[in-house]
1. So, in region 34-90, how many residues would count as being of a type outside the set (D, E, K, R), closer than 16 Å to R16 by Cβ and either touching a residue at least 24 places away in the same chain (Cβ under 8 Å) or assigned to a helix (DSSP H, G or I) (or both)?
2. In this structure, does K46 turn out to be in contact with a Leu (Cβ under 6 Å, 6 or more places away or on another chain) and under 21 Å from V7 (Cα atoms)?
3. Mind listing whichever residues of region 24-35 are out of contact with any Asp or Glu (no Cβ under 9 Å at 6 or more places or on another chain) and exposed (fewer than 14 other Cβ atoms within 10 Å of the Cβ)?
4. Kindly establish whether L21 is part of a helix (DSSP H, G or I), open to solvent by 80 Å² or more (accessible area, probe 1.4 Å) and at pLDDT 95 or above.
5. Considering N71, N62, which residue is polar (S, T, N, Q) and surrounded by fewer than 11 Cβ atoms within 10 Å (Cβ to Cβ)?
6. Would you pick out the residues in region 38-52 that are at pLDDT 95 or above and hydrophobic (A, V, I, L, M, F, W, C)?
7. Filter region 66-91 down to the residues that are over 22 Å from F8 (Cβ atoms) and at pLDDT 95 or above, then identify the one that is nearest to the chain's Cα centre (by Cα).
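The values are calculated or read from the model by the stated rules, or taken from the named source; none is laboratory data. All figures in this text were calculated on a predicted structure; none of them were measured in a lab. Neighbour counts run over all protein chains shown; Cβ positions are idealised from the backbone, glycine included. The area values use the complete protein model at the heavy-atom level, side chains included, leaving out ligands, DNA and RNA. Shrake-Rupley method; radii C 1.70, N 1.55, O 1.52, S 1.80 Å.
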Amino acid sequence: MNLRRDVFQAIADPTRRAILLLVSSQSMTAGAIASNFDTARPTVSKHLQILTECELLEQQQNGREIYYHLNPHKMKAIADFIEPFRAMWDDRFNKLEDLMKNYQPKK
């Protein structure tokens, strides 16, 4: 049975979000990523495994080292899913702002 991890569960974890931020600017090895955290390397490896299973990270072998880098296509899919919600809330806040601009307190 092949259980696929949910991408939104993966990005719900603050450590995994921090890892995504780290590798968004450059590819990094597991050791380089782990050095940015105050946890055991196996813990960071588990986070990397989850992010890789969700296809948020991709691996590239370079000699003996494995480099992790962000998968921009998967990140765009997440952004595309969230966009209608962002637009809805922007619209609601803009309406609230207009209402507050015209608000006249009762005297």
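1. Kept after step one, since they are of a type outside the set (D, E, K, R), are these residues of region 34-90: 34-37, 39-40, 42-45, 47-52, 54, 56-57, 59-63, 66-73, 75, 77-79, 81-82, 84-85, 87-89.
Retained after the next criterion (residues that are closer than 16 Å to R16 by Cβ): 34, 36-37, 39-40, 42-45, 47-52, 54, 56-57, 59, 68-71, 75, 78.
When the remaining residues are screened for being either touching a residue at least 24 places away in the same chain (Cβ under 8 Å) or assigned to a helix (DSSP H, G or I) (or both), the result is 34, 39, 42-45, 47-52, 54, 56-57, 68-70, 75, 78.
Summing the residues that are of a type outside the set (D, E, K, R), closer than 16 Å to R16 by Cβ and either touching a residue at least 24 places away in the same chain (Cβ under 8 Å) or assigned to a helix (DSSP H, G or I) (or both) in region 34-90 gives 20.
2. Details: in contact with a Leu (Cβ under 6 Å, 6 or more places away or on another chain): no; under 21 Å from V7 (Cα atoms): yes.
So K46 fails the test.
3. Hits for region 24-35 are S24, S25, Q26, S35.
4. Numbers: part of a helix (DSSP H, G or I): yes; open to solvent by 80 Å² or more (accessible area, probe 1.4 Å): yes; at pLDDT 95 or above: yes.
Here the answer is yes, as L21 does meet what is asked.
5. Values: N71 fails: surrounded by fewer than 11 Cβ atoms within 10 Å (Cβ to Cβ).
Only one candidate passes the filter, namely N62.
6. V44, L48, I50, L51
7. Within region 66-91, the first condition is being over 22 Å from F8 (Cβ atoms), and the residues that meet it are 66-67, 91.
This time we only want the ones that are at pLDDT 95 or above, so: 66-67.
On the way: I66: 21, Y67: 18 Å.
Ranking the qualifying residues of region 66-91, first place goes to Y67.
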